[in-house]
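Have a look at the structure below, then the notes.
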Amino acid sequence: MATTERKPLLLDFEKPLAELATRIEQIRQLAEENGVDVTGQIRQLEARAMQLREEIFTSLSPSQRLQVARHPRRPSTLDYIQAISDEWMELHGDRCNSDDPALIGGVGRLDGKPVVFLGHQKGRDTKDNIARNFGMATPGGYRKALRLMEHANRFTIPIITFIDTPGALPTVIAEQQGAGEAIAYNLREMFSFDVPIISTVIGEGGSGGALGIGVGDRLLMFEHAVYTVATPEACAAILWKDASKAPQAAVALKITAPDLKNLGIIDQILPEPIGGAHSDPLKAATTLKQALLDNLEELNRFTPQERRQMRYEKFRKIGVFTEVSHS
């Protein structure tokens, strides 16, 4: 897991917190140099900093949540797998011609029980991000995911997926290799699997790239994650021919966890530590693990036929609305 000991990377809206932290440190240093006891003042300022952090992170705009979801130190799929699994073995290759590092998967144990883990994997630094295509999977990645899901279904092992991608890799080569077909094939096959499937949006869930491993019995979502049909920047460029209108698009797209819960698209919001999952990755992982165990316990009470039917009905209801006449 990412540590919190390194110098924090602050987002724009966190600058007041940085200023207050600097002030606290200056007072502490001056007090030490002059032998003055300022314990009471420091305690008050630290309490104010905690209150300010809570105020900021409980009133984030959709575009600010997007910044949190894209934070370079936000826990990744591999971080969560390593934190919540008893053991884990990554498996490679789509059995055709490639092994996509942007979509990883393998077998592991969750609370002593076997599961198959899958998820998009962004890089930990610029070099790693380039190697992993910034978490944007190739057609081979989705075929690898399908191979592992078919393995899970064959041996009656639950499937756990983690969504964290701006979208599938948007290159000419990816299209030539059948990106749309690979994602569509995954969608169809995931509806047919007998085993429980739980998907969690851990960061940025974008477009068909997210859906390619997102057809599940349960869709969980971290509090500051986002889930959208297209990135706000892409939406703004399409609708207004102006990417600077991305904050406006973020509001219109309803990309936040509360909006998606109200729309019936996600099933459960996972609370994050104050300051985002990157501020306390182990606490976020503990929350995730418990949610996965609770949902697996519930899903295991149903027969495979019942799970398939509920999965089908869940997605059929998405987008249904009632139009009220004002006449």
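The values are calculated or read from the model by the stated rules, or taken from the named source; none is laboratory data. Just so you know, these numbers come straight off a predicted model, no measurement behind them. Virtual Cβ from ideal backbone geometry, glycine too; neighbours counted across all protein chains shown. Note: areas computed on protein heavy atoms with side chains; ligands, DNA, RNA excluded. Shrake-Rupley method; radii C 1.70, N 1.55, O 1.52, S 1.80 Å.
Quick notes on this structure:
- A291 being in a helix (DSSP H, G or I), touching a helix residue (DSSP H, G or I) at 6+ places or on another chain (Cβ under 9 Å), closer than 22 Å to R65 by Cβ and open to solvent by less than 90 Å² (accessible area, probe 1.4 Å): no
- Here P304 does not fit the description of being touching a residue at least 60 places away in the same chain (Cβ under 8 Å) and more than 27 Å from P158 (Cα to Cα).
- Residue within the range 163-175 that is among the hydrophobic types (A, V, I, L, M, F, W, C), assigned to a helix (DSSP H, G or I) and open to solvent by less than 10 Å² (accessible area, probe 1.4 Å) present: yes
- Taken over the range 37-55, the residue count meeting the criterion of being touching a helix residue (DSSP H, G or I) at 6+ places or on another chain (Cβ under 8 Å) and either open to solvent by less than 80 Å² (accessible area, probe 1.4 Å) or not in a loop (DSSP other than H, G, I, E, B) (or both) is 9.
- Search result, residues across the range 247-257 that are in a helix (DSSP H, G or I) and closer than 10 Å to P62 by Cβ: P247, Q248, A249, A250, V251, A252, L253
- Residue within the range 188-202 that is closer than 26 Å to D294 by Cα, open to solvent by 40 Å² or more (accessible area, probe 1.4 Å) and not in a loop (DSSP other than H, G, I, E, B) present: yes
- Each residue in the range 119-162 was checked for being in a strand (DSSP E or B) and small (G, A, S), and 1 of them qualify.
- Qualifying residues in the range 95-109 (those that are in contact with a helix residue (DSSP H, G or I) (Cβ under 6 Å, 6 or more places away or on another chain) and open to solvent by less than 10 Å² (accessible area, probe 1.4 Å)) - the one farthest from A179 (Cα to Cα): G105
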